[in-house]
1. Figure the gain on full extension for Glu39 and Val107 (residue separation times 0.36 nm, minus the Cα-Cα span) and round it to one decimal in nm.
2. Quick one: Lys115, Lys65, fewest Cβ neighbours within 10 Å first, how do they rank?
3. At q = 0.14, 0.22 Å⁻¹, what base-10 log of I(q)/I(0) does the Debye formula yield for the stretch 106-181 when every alpha carbon is treated as an equal point scatterer in vacuo?
4. For the residue pair Thr13 and Arg75, what label-to-label distance in nm results when each label sits 7 Å from Cα along the Cα-to-beta-carbon direction?
5. What is the pair-distance distribution P(r) of the chain, computed from all Cα-Cα distances in 5 Å bins starting at 0, with each bin given as a whole percent?
6. Taking the Cα centre of the chain as the origin, how large is its charge dipole in debye, to the nearest 20, when only Lys and Arg (+1) and Asp and Glu (-1) carry charge on their Cβ atoms?
Amino acid sequence: MSSIADRLAGIQTRIAEAAARSGRAPDAVKLVLVTKTVEAERVREAIRAGQVDLGENKVQEGRAKAAELADAAVRWSMIGHLQTNKAKEVLTFADEIQSLDRLSLAVALEKELQKQGRSMDVLVQVNTSGEASKFGLTPQATAGFLKELKAFDSLRPRGFMTLAAFTPDADVVRACFQRLREVRDRAVQDAPGGAQMQALSMGMSGDFELAIEEGATIVRVGSAVFGARPTSDAHYWPGVAGTHAPKP
Ligand SMILES: *Cc1c(COP(=O)(O)O)cnc(C)c1O
C-alpha cells in the first residue's frame, strides 16, 4: 500500500498537470487537504510531507483536531455547513470559512469577530447543482448577497465555493463548475470590492481535475489521499445516499 506522502505527491502532480492544461502555473491551484474522520496522527504524516492547508466539515471535530495539531504550522479552512450558534466555536480554530451561505451566519460571525477584534477571509458558498440537498445561495442570489456583505467590516469575501452534482456524468459536473466561474466573473466585474474575490474553491477527489480545467484556484481533496471514509456522506450532505467514492 502506498503511503499518505506518496498519495499526496500523486495528487500534487495531477493538480500541476491539470493546471498546465488550463494554461496556468502549478502553484495557481491550492490543495486544501480534507481531514474529516482522519485521526490526527495520520494528518501529521501529510503535514510532515509538506501539507499546510487543511479542511474540516464539522466544527467540533475540527476544533479537537486543530488542538491536537496545535504545534504544527497549518491553516484550517471550515468547509462544512455552519450553524449560527457555532460562530464562536469555529473561530477557535478556523483561519478561513468557505461555507458562508446566508445572512444570519454573516451576522453571527461578524458579531463574534468584532468582539475579538479580528477579521476573517470568507468564501460564499453557491449551490450550482440545483439539488435541494446542497447548501449555498442560488447563483441568482449571489450578487445581492455580496452587496449586503459590504456592511460586514470583519468579513473579507475572497471568492466562491461549490459542491458539484454527485453524478458520473462529467458534462453535468462541468456545468456546475462553469456556473461558479460565471458567478465569480460577474462579481469581479460588478460587486463592491470585486477584484478581491478571485478564489474558486471547487473540485473534490472524484472531480478535481475537471474543476481545475474550469478554473478552480482551490481544490478540496480528502479520500484520494486518506482512503474511503467510514461515515456515509449523508452525515455531511443531508439527502445524499451512500458514499461519494472517488473515481479510480
Ligand atoms: C469531504 C469534503 C470534501 C472532500 O471529499 P473527497 O471526496 O473525500 O475528496 C470536499 N468538500 C467538502 C465540503 C467536504 O465535506
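All of the numbers you see were taken from the coordinates with simple rules; none came from a lab. Being a predicted model, the structure only gives us computed values, none of them experimental. Glycine also receives a Cβ, built like all others from the backbone with ideal geometry; neighbour counts cover every protein chain displayed.
1. On the way: separation 68, 0.36 × 68 = 24.48 nm, distance 3.25 nm.
Taking 0.36 nm per residue and subtracting the Cα distance, the gain is 21.2 nm.
2. Lys115, Lys65
3. -0.52, -0.95
4. It is 2.6 nm.
5. Calculated P(r), rounded to whole percents: 1, 6, 14, 18, 20, 18, 13, 7, 1, 0, 0.
6. On the way: 32 positive and 31 negative charges, 64 e Å.
That gives a dipole near 300 debye.
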